[in-house]
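Data first, discussion second: the structure below is written as structure tokens.
Laboratory data are not the source of any read-out in this text; all were calculated from the coordinates shown. None of the values given here were measured: they were computed from a predicted structure. Note that we place each Cβ from the backbone using ideal geometry, even for glycine, and neighbour counts take in every protein chain shown.
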Amino acid sequence: MDTNEQQQQHDNTNCPLPHKRKWKWKYLLILPVLGLSLYIMMCGTGALCFLFVFPGALREQPDPPWIECQMQVPGEIKVVFLRKHAHEFLAEYDRKLRIERPGEQPVIIDLPPNTGGSTMINVYTCCTVSPEGEKTPMLLLVDRQYEMLVNLKHAEMANDPRSKDSTKKALESIFEKQYKYIGRLDDREIPLQFIPVSQATKEAIDKP
């Protein structure tokens, strides 16, 4: 073997191997970058779709109107049931009563909200009697959640409907436990309406 062949063999022996492992590490570094880029693209596309498909999503929604329904209550006192949506999609409602007495300013009374479902409220008239024999007209509203007793003379709630003890005590004060059914508030056949007893008999209300 001549001198040139020996030199070439020596150079081949000392020549380093191809850097295969370094290429593998480069691929591993590229994968997270590609994944992050794909994630950003998906988020951006989703945001654009949300803005174009639901253009009003970021705008403030208008306050829903109060729906009024007058009840046919005997006597000179006028009672109006008010209801408005408390949720944009669910059947949840805020509720009030407006009591209008002759010669007096109308009074608004807050009622417990309807936390779900249609409106179905049986309405009764009744009264309390003082030791002197003075009668105070009352209105009892019964739905599947509450028993709401309203003092029509003073335009105020006579009980806390959320308290069983308060409700029990208030109902015990009713004169001779006499309740006269006068109709119901019902929205099962839209729109919300008061159906007097002269048009339909009382329907039982299922309690939860």
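Run the Debye formula on the Cα coordinates of segment 155-208, all scatterers equal and no solvent, and tell me log10 I(q)/I(0) at q = 0.16 1/Å.
-0.73
With an 8 Å cut-off on Cα pairs and a minimum separation of 6 or more residues, tell me the relative contact order of segment 67-195 in percent.
20 percent
Are there trypsin sites (Lys or Arg not before Pro) in segment 107-183 that DSSP marks as loop and that have at most 12 other Cβ atoms within 10 Å, and which are they? It would help to have the intermediate numbers written out before the result.
Numbers: sites: Lys135, Arg144, Lys153, Arg162, Lys164, Lys168, Lys169, Lys177, Lys180; in loops: Arg144, Lys153, Arg162.
Filter output for segment 107-183: Arg162.
Which distance in nm do the two modelled labels at Thr115 and Lys177 give, with both placed 7 Å along the Cα-to-Cβ direction?
2.9 nm
Rg/Rh for segment 67-195: what does it come to with C-alpha atoms and Rh from Kirkwood?
On the way: Rg = 14.6 Å, Rh = 15.2 Å.
Computed over Cα atoms, the ratio is 0.96.
Tell me, what HN-Hα J-couplings in whole Hz come from the Karplus equation 6.51 cos²θ - 1.76 cosθ + 1.60 at θ = phi - 60° for each residue of segment 150-162, using x for Gly and Pro?
Rounded to whole hertz, the list is 10, 7, 6, 5, 9, 6, 7, 6, 9, 8, 9, x, 7.
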